[in-house]
Every structure is written in structure tokens, then in C-alpha cells.
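See structure below.
The values are calculated or read from the model by the stated rules, or taken from the named source; none is laboratory data. Remember, predicted model here, so these are calculated numbers, not experimental data. In this analysis, Cβ positions are derived from the backbone assuming ideal geometry, glycine residues included, and neighbour counts consider all displayed protein chains. Ligands, DNA and RNA are excluded from the accessible area calculation, which covers all protein heavy atoms including side chains. Shrake-Rupley method; radii C 1.70, N 1.55, O 1.52, S 1.80 Å.
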Amino acid sequence: VMLASGNSSAHPEYFSLLGIPGLKNSQFWIAFPLCAMYVVAIIGNTTVLHIIRIDHTLHEPMYLFLAMLAITDLVLSSSTQPKMLAILWFHAHETEYHVCLIQVFFIHAFSSVESGVLMAMALDRYVAICFPLRHSSVLTPAVVGKLGAAVMMRALLLVSPFCIMVSRMPFCPNQIIPQPYCEHMAVLKLVCADTRVNRAYGLFVAFSVVGFDMSVISVSYVMILRTVLGLPSGQAQLKAFGTCASHICVILSFYIPALFTFLTHRFGHHVPGAVHIMFANLYLLVPPMLNPIIYGVRTKQIKDRVIQGCCGKDP
């Protein structure tokens, strides 16, 4: 059924999300590890948020950025996983047109926010290690709040045009999206019009966000490395390396699957659909699951709080 106010704005009432092409018979079982990862992501990130909220000694830049990361991870994973599990377990393939566009917005906006928060965390590590005496005066709570607001505003301004441009285009009769969630390129492939401007804008947003953030992260870590290698004490060097190692693991777990998914959508026509979809799922699920585990294990204050809570001791 097509809704139209003139042919130029014709769009379907719903899309049909197929799930994981090529693994139809295995989808029911694949959903179980995906569900387990989602549960770990929800519990882990809510625990981190709760600990940071109740412990006033953790109201410092590093932990405030970690709280932002936890909120972003909760939104990012929850924007896809419940619907994905419904598709894989209950064959709930239909998704309403506007719900699909909202999902496109949330996936791309909060991927951009996650990238921006990782960049802000790299800046925080840079100031903390290279200028330790000035850290508290440079990264005040007000500056942290402004950085967070800037990252959020960037996402809103860059990603909103995706949905606005797509919503004004006519769609072909084909309403099938061969994956378990709505994503910009997947929806764009169903448009019956010239989509070169949309594709070019998508490339511009992806490369400008990732390019800028990765440049800042890389420069920060080069400067950190120079400072760390100049430290007189081997123990101090190890401690600084340990702090940065967890952050680098988080960065790689986010950017590698994200870049693979992005490039495969545009250039990887020979990559099997199942491989592409599984990577696309992992990029929206692995970082939200790993972030609280990595930071929880690496951060003594958070680890101590979790142990106290589990053992029933007062902090």
C-alpha cells in the first residue's frame, strides 16, 4: 500500500526486514548469543552509570565521559536489538515507514556521538598525562558538558538531513530490506530516483566525522606516547600504558567493524551478505558490551564499587 501526496513523496506504509540473508535456518539460534550480548550491554552500562551517579568522587572528566559513553551505548544497542530479536525469534519482519526512518536517525546519530565521545576521552587522557597539573583547570565540568553538547549537536546537524532527504524521495514497489534493521544505505537502495546526492552526502558525513575524530585521537596518542616514553620510572610508564591500552581496545572495537560495514555497503559487492550483516550487527553490539567490561576491569574505583555491591558491603 503506497501513501502519496503527489508521486514525489510516495512511500510505502511499511518495510519488510529480512533478518540475516543466507542464514535463515540458523537465525533462531544466532539470536541467543546476540541476546546475551545485549543483556550484558544493558546490565554493564546501567551499572557504570549508577556507580558514577552515586559516587561523588567519580564526578571527574574521565568518568563523566564514561557516563556519556554508557548512555550512548544504551541508546545505540537498544535502537536495533529488540526489533532484531523479534525478527529472528518471532518473524516480526514488518516495520512501519516512519519507525524505520527514526531507526536510521538513531543508528547514525549515536554512532557519530560514540565516535565523538571516544575523541573527547582521548583528549582527556592527553591532558591528564601530558599536563597533569593543569588537568582539573583545563577540563572543568563546564568544559566537559560543552564538549558533550558539541558532539551531540554535530550528530543532530549532520544526520538529520539523511532522514529529511530520504523522506522526500519516491520509493520503488520493492519494500524488502535484506538485513535486520533500517540503515541509511539499505533504505536508499529502495528509492526509485537518482540518489547520487544522498550517497555523496553520506560519504561526506562518514569521512568528516571519522576522519576528524580519528585524527584527533591519533595526534593525542602520539603526544601521549612521547610523554610516557620520557617518564623516568618504568612503573609510571606501565601505569600510563595500561590506562591508554583499555581506551585503544575500545576505539578499535568500534572503528574496525564500523569501517568494514560502511565500506562493504558501498564497495564490497563480493562480500557474502551474511558476513556483512553479522559485522553490521557486531559494530552496534560489541562496543556497548565491551566498554563497561573493559573500563570496569581497568578502573579501580568502579571495580571496587561492583565488588562491594556483590558482596553486600557498605562502600
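Per residue, the chain exposes 48 Å² of solvent-accessible protein surface, assessed with a 1.4 angstrom probe and all protein chains in place.
Would you mind counting up the charge near Leu284? Only other residues with Cβ under 11 Å from its Cβ, with Lys and Arg at +1 and Asp and Glu at -1. Show your work: numbers first, answer last.
On the way: positive: none; negative: Asp73, Glu114, Glu183.
Charge balance near Leu284 sits at -3.
Once neighbouring chains are kept in place and the probe is 1.4 Å, which whole percent of the accessible area of segment 88-176 is contributed by carbon and sulfur? Solvent-exposed carbon and sulfur of segment 88-176 make up 74 percent of the total.
If we count every other residue with Cβ under 13 angstrom of Ala193's Cβ, Lys/Arg +1 and Asp/Glu -1, where does the sum land? With Lys, Arg at +1 and Asp, Glu at -1, the neighbours total +3. A full extension of the chain between Ser167 and Lys146 corresponds to an added length of 4.4 nm, given 0.36 nm per residue minus the alpha carbon distance. Can you compute the modelled spin-label distance between Phe32 and Ser160, with each label point 7 Å from Cα toward Cβ, in nm? Those two pseudo-labels are separated by 4.5 nm.
Phi-derived couplings, Karplus 6.51 cos²θ - 1.76 cosθ + 1.60 at θ = phi - 60°, listed residue by residue for segment 224-236: 4, 4, 4, 5, 4, 5, x, 5, x, 8, x, 5, 5 Hz, with x used for Gly and Pro.
Computed from backbone phi with θ = phi - 60° and the Karplus coefficients 6.51, -1.76 and 1.60, the 3J(HN,Hα) list for segment 34-42 is 4, 5, 4, 5, 5, 4, 4, 4, 5 Hz; x is used for glycine and proline.
If you place +1 on the Cβ of every Lys and Arg and -1 on the Cβ of every Asp and Glu, how big does the dipole about the Cα centre of the chain come out, in debye to the nearest 20?
On the way: 19 positive and 13 negative charges, 120 e Å.
Computed charge dipole of the chain: roughly 580 debye.
Extending 7 Å from the Cα toward the beta-carbon at both Cys310 and Arg53 defines two label points whose distance is 2.2 nm.
The lysines whose alpha-carbon is closer than 19 Å to the alpha-carbon of Lys300, local same-chain residues fewer than 8 away aside, are Lys239, Lys313. You can think of it this way: the chain between Leu263 and Lys239 has 5.0 nm of extra reach, that is 0.36 nm per residue less the Cα-Cα gap. Once both labels are positioned 7 Å from their Cα atoms along Cα-to-Cβ, the gap between Met185 and Leu229 label points is 3.6 nm.
Show that you can apply the helix-only estimate: for the chain, add -39,500 (n - 2.57) for every DSSP H stretch of four or more residues, divide by all residues, and state [θ] at 222 nm to the nearest 500. Don't skip to the end; give the middle numbers.
Details: 11 runs with 232 residues, N = 315.
Computed ellipticity for the chain at 222 nm equals -25500 deg cm²/dmol.
Using 0.36 nm per residue and subtracting the Cα-Cα separation, the extra length available between Ser218 and Ser136 on full extension is 27.2 nm. What number, in percent, do you get for the relative contact order of the chain if the mean sequence gap of Cα pairs under 8 Å and at least 6 apart is divided by its residue count? 28 percent.
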